[in-house]
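Below: one structure, written as structure tokens.
The values are calculated or read from the model by the stated rules, or taken from the named source; none is laboratory data. Keep in mind the model is a prediction, meaning the values are calculated, not measured. Glycine gets a Cβ as well: all are built from the backbone with ideal geometry, and neighbour counts include every protein chain shown.
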Amino acid sequence: MKTSSIIILVVIAAAIGALLMYSVDFSTYDTISSAKQKQGQYVHLIARLDKSKPIQYDALKDPNYLSFYAVDSLGNTTQVIYHNTKPPELEQSDRVVLKGKMEGNVFECNDILLKCPSKYKDNKKELEKSVSQY
Amino acid sequence: MTFENEHLIPGQVGQFFIVLAFVASIISAISYFTASKIQLENEKQKWIRFARAAFFIEAFSLITVFLSIFYICSHHYFEYFYAYKHASKELEPKYLLACIWEGQEGSFLLWALWHCVLGTILIFTSKKREAPIMTIVNSAQSLLVLMILGIYFFNTRIGSSPFVLTRNELAGPIFSQPDYLSYIKDGVGLNVLLRNYWMVIHPPILFLGFASTIVPISFAYSSLSTKDWGGWVKAALPWTLFSACVLGTGIMMGGKWAYESLSFGGYWAWDPVENASLVPWLILVAGLHCMAVYNSTKNALRASYFFIILTYLFVLYSTFLTRTGILGDTSVHAFTEAGMAMNVLIGIYVIAITIPVFFMYFKNYKSIPTIQKEEDISSREFWMFIGSLILFLSAIFIISITSLPVYNKIFGTNIADPADREFAYNKVLVLVAVIIGLLTGASQFLKYRNTNKKYLLQKLAWPLGIAIAATILLVIFYPLEYTKKGPGFLIAIYLALFASVFSLIANAFYLKTVLRWNLKAGGAAISHLGFALLIGGMLISSGNKKVISDNSKTGLFIPFSKDPTGRNDENPMENLTLLKGVPTQMGQYTVTYMKDSASNEKDRTFYKLHFQKKDSTTGKVEEDFVLSPDAYRMKNNNLTSNPGTKHYLTHDIFTYISTISVPDSESDTATFRNHEMAIGDSVFYSKGYFVLNKIEKDPQNERFHFSPTDTALVADITVHANDGTQYKAYPALTIKHQQLDFINDTVVAQNLYLNFSGISDNKKFKINSKETDKLTDFITLKAYYFPYINLVWLGLVIMSCGFVISLVSRVKASKLVTYLSVGLVLAFLFYMFLLANA
């Protein structure tokens, strides 16, 4: 193949690549206050479960409704509604990534990613706790 | 202080051999490098002999290291941190290997062990290229062993050794006592998510795939360092085929594992960890095609080098992504933060091998021969090259999105995954599937250099016609119902489906008309046929996947608090709650949660779900089966569930448990009150009264289906609550195979349990009632219908066999070896993917 045709191919490839990247609507990581500014826009919240407020979940009545409060590192809180079952380790999680959008003062969540100390063994603090239990 | 009951010998032996392996690998690398630079044959052989000895010492050492870890974990020596973290006494012996490669150290060791196996084969087969090839293998090996070295160097620990002691790693009051070991009752054990036979088999295959990609790049290096430009391609082709086969199989094994035993609800989710292993495979396959082109036409040599070197770079980059914890916020199953020192080591590994080889490639770029004449547009090599380029571009597309966390780290940005991650990938790759399908179908009939147009049209007419007809038939009789992304995407899916069907038929035609079923020469066609089947199967199974536990249509649903977001009818509520013993309609099935049964594993429970599907008009039972999804309920009520799947040839019914009722610590104290009732009698309970209307013998209705051999009595009871509502209840007693059995009924809203226990002497009926505040047992589950999922697995099996056929015909294996190896691979993969869990 001639160099010229390779160059043409590369240019086409780059153009397609740029177009594709452009077509993907990336989301952002936000704090609760910045998410409240972006009403209705899909964001990722990095927060923690607010343990001072109640978690509402009763699978017997409605398995697809979970409500809890999340607090971020700046101390802001928001109610979170998740139309799905309660992730079993929610109470033990030390960090949650919430994907969804802010609707008014409520965060409507589509997906929850939990970071649980119990699941991962690389957390020495947790291991120290469990080794000393005995 | 001396500690009691410690077993320090195996750890010291293991640690010694880690250091020995490290030193030996460096010596072997240097000696091989020296040998590769010496022209004098005599001198060269001396160095090679020395380097080989060092390599075998290294291999022996690593095997000893592995045996030491195995010994420590199998004996539950929790004084070792690795055993404490990964082993436990209740763990079944079959998971012993799995718990070894659960950790970073164990999986690095697994990788290094495969290098030893591959290195040994290379020593005996690579002849004059041995020295440069083994230079690369040993360099990689020394870097891998460095990861588990665990030696202090200027106060920094280099690598993390699997032989460190628990008392040195953890702080705690018990460690100041000489008898601390008597306080450590058990280890943490294997993560319950990973307790599955796939965890035993998937990592070795995947790591063999990763490890084997070093062979093609070593061949490329050998040619760059000796300036023997083209000769490596032919020798490296079988290895590249091997790599592509094993890595591809390993990736899909991960998918199969996710599908059948993890509750992700599918086999592929575009998780960064999955992508990180797919990308090197795509580039490797691109490289493989360029090498095949070079082998036949002397074109595409530069591209072959480029793709093969890039493959290894991406293998290491994916190691970096999954092991440094950088994916923490985007992936559900990456390792978490490994510590700065480890990250630096992995970073060094990423660049240490590939950068020098890339440098040599660019330095010699001008000298690598090319053909000046442009390829004919009707030639096979032109379209193969285009295909490689498409694969390469899709790899770049995938890795660009997957690398978001890396950009965020470097540039301090906060870009996150798109809202619908799967769709972001699917909408692009569905187009790739169209192109690849058409290329893999048509290019079989192209000839190298140029093709007679008439011949091509003649050959393609039938496959094209059949594919069009088949697609139209599909549209009419089995339409895809994936409409939630709009008509544009649906059309794209149909196009991809057409391309896959075309590729499938064209490759089958090629095998028939051109090769006349000479399968030995048909490795490529068979691989492409399998790939087309795989993609087609994915399109159908994902396109028509259905949630059958749709709670918006059926089931229990009592809003108990105001939902501030309102309900969105577009998203089906995917979870359904089943009360124990209460039949619930789910899709076409009536599902009853019958009972729990404990397993011999700690904390693990199986939940028996009875599925029944009846013909709506005749009431005849069409399907009747029991699924047993299971869950581990850990301390603090953590739940890890494994699906229960009913496999049919054409579809799967897939269920898993998402919530279970929390057992009350106080036991249910309410007891049954016994009543003897005649027909028409009524009995009061705290919130009303109930009436026995009649007793039916062997009724056949909506609710009960007794076989002719059974005897059944069903009490027809009406419950009148104080608030005026009425409920029907049908407690029953049955005699099946001379066994008396009670089917209790529950009026959930009234917390009233009714039981029919028999007939008293004075011809009255014994009805027992119980009231309790305790909620009944329940589970919440998700259920999916996956159609034609077996096409995916069958496609993968055929594709892998195609690779093996190409491989054995490239190395000119004897007939016996050919049949044996293809047969064994076919049997193994067919069993693993299609039979093992069925």
Taking interchain pairs and intrachain pairs at least six residues apart, which have beta carbon atoms under 8 angstrom, with the first residue in region B:89-113 and in contact (Cβ under 8 Å) with a residue 40 or more places away in the chain and the second of a type in the set (S, T, Y) and not in a helix (DSSP H, G or I)?
B:Q104/B:S160; B:E105/B:S160; B:E105/B:S161
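To keep it simple, each residue is scored yes or no on (1) of a type outside the set (A, V, I, L, M, F, W, C); (2) over 14 Å from B:I133 (Cβ atoms).
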residue	(1), (2)
B:I201	no, yes
B:P204	yes, yes
B:S212	yes, no
B:F219	no, no
B:W232	no, no
B:L241	no, yes
B:G248	yes, yes
B:M253	no, yes
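Just to confirm my filter: which strands (runs of 3 or more DSSP E) fall fully inside region B:586-633 and include at least 1 residues that are over 18 Å from B:R195 (Cα atoms) and outside the structural domain of B:P93 (by TED's automatic domain parsing)? Steps first, answer last, please.
Numbers: elements: B:589-598, B:604-614, B:621-627, B:630-633.
Of the strands (runs of 3 or more DSSP E) lying wholly inside region B:586-633, those with at least 1 residues that are over 18 Å from B:R195 (Cα atoms) and outside the structural domain of B:P93 (by TED's automatic domain parsing) span B:589-598, B:604-614, B:621-627.
Considering A:G100, A:G104, which residue is within 8 Å of chain B (Cβ to nearest Cβ) and modelled with pLDDT of 75 or more?
Details: A:G100 fails: within 8 Å of chain B (Cβ to nearest Cβ).
It is A:G104.
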With over 32 Å from the mean Cα position of the chain (by Cα) and crowded, with 22+ Cβ neighbours inside 10 Å as the only criterion, which of B:V719, B:V804, B:V792 stands out?
B:V719
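From B:K613, B:K608, grab the single residue that is of a type in the set (K, R), under 26 Å from B:L262 (Cβ atoms) and in contact with a Phe, Trp or Tyr (Cβ under 8 Å, 6 or more places away or on another chain). Spell out the reasoning first.
Working: B:K613 fails: under 26 Å from B:L262 (Cβ atoms).
Matching residue, one of B:K613, B:K608: B:K608.
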Conditions (1) outside any helix (DSSP H, G or I); (2) surrounded by 24 or more Cβ atoms within 10 Å (Cβ to Cβ): number failed by B:Y152
(2)
Under 8 Å between Cβ atoms, which residue pairs at least 6 apart in sequence (or on different chains) link something in region B:154-175 that is more than 22 Å from B:H86 (Cα to Cα) with a partner that is buried (at least 18 other Cβ atoms within 10 Å of the Cβ)?
none
Which one of these does B:V475 not meet: (1) among the hydrophobic types (A, V, I, L, M, F, W, C); (2) surrounded by fewer than 15 Cβ atoms within 10 Å (Cβ to Cβ); (3) farther than 20 Å from B:Y788 by Cβ?
(3)
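Please pick out the residue among B:K373, B:K366 that is within 12 Å of chain A (Cβ to nearest Cβ) and outside any helix (DSSP H, G or I). Write out each step before concluding.
Working: B:K366 fails: outside any helix (DSSP H, G or I).
Within the list B:K373, B:K366, the selection yields B:K373.
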For region B:407-434, which positions are out of contact with any strand residue (DSSP E or B) (no Cβ under 9 Å at 6 or more places or on another chain), aliphatic (A, V, I, L, M) and touching a residue at least 12 places away in the same chain (Cβ under 8 Å)?
B:A424, B:V428, B:L429, B:V430, B:L431, B:V432, B:A433, B:V434
Is it true that some residue in region A:45-58 is charged (D, E, K, R), within 8 Å of chain B (Cβ to nearest Cβ), over 18 Å from the mean Cα position of the chain (by Cα) and surrounded by 18 or more Cβ atoms within 10 Å (Cβ to Cβ)?
no
Which numbered condition in (1) of a type outside the set (A, V, I, L, M, F, W, C); (2) within 24 Å of the chain's Cα centre (by Cα); (3) surrounded by fewer than 19 Cβ atoms within 10 Å (Cβ to Cβ) is the only one that B:K770 fails?
(2)
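Here are B:A98, B:A54: which of them is under 27 Å from the mean Cα position of the chain (by Cα) and not polar (S, T, N, Q)?
Working: B:A54 fails: under 27 Å from the mean Cα position of the chain (by Cα).
After ruling out the rest, the residue left standing is B:A98.
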Identify the residue in region B:194-236 that is touching a residue at least 12 places away in the same chain (Cβ under 8 Å) and not in a helix (DSSP H, G or I) and, among all such residues, is nearest to B:L288 (Cα to Cα).
B:T213
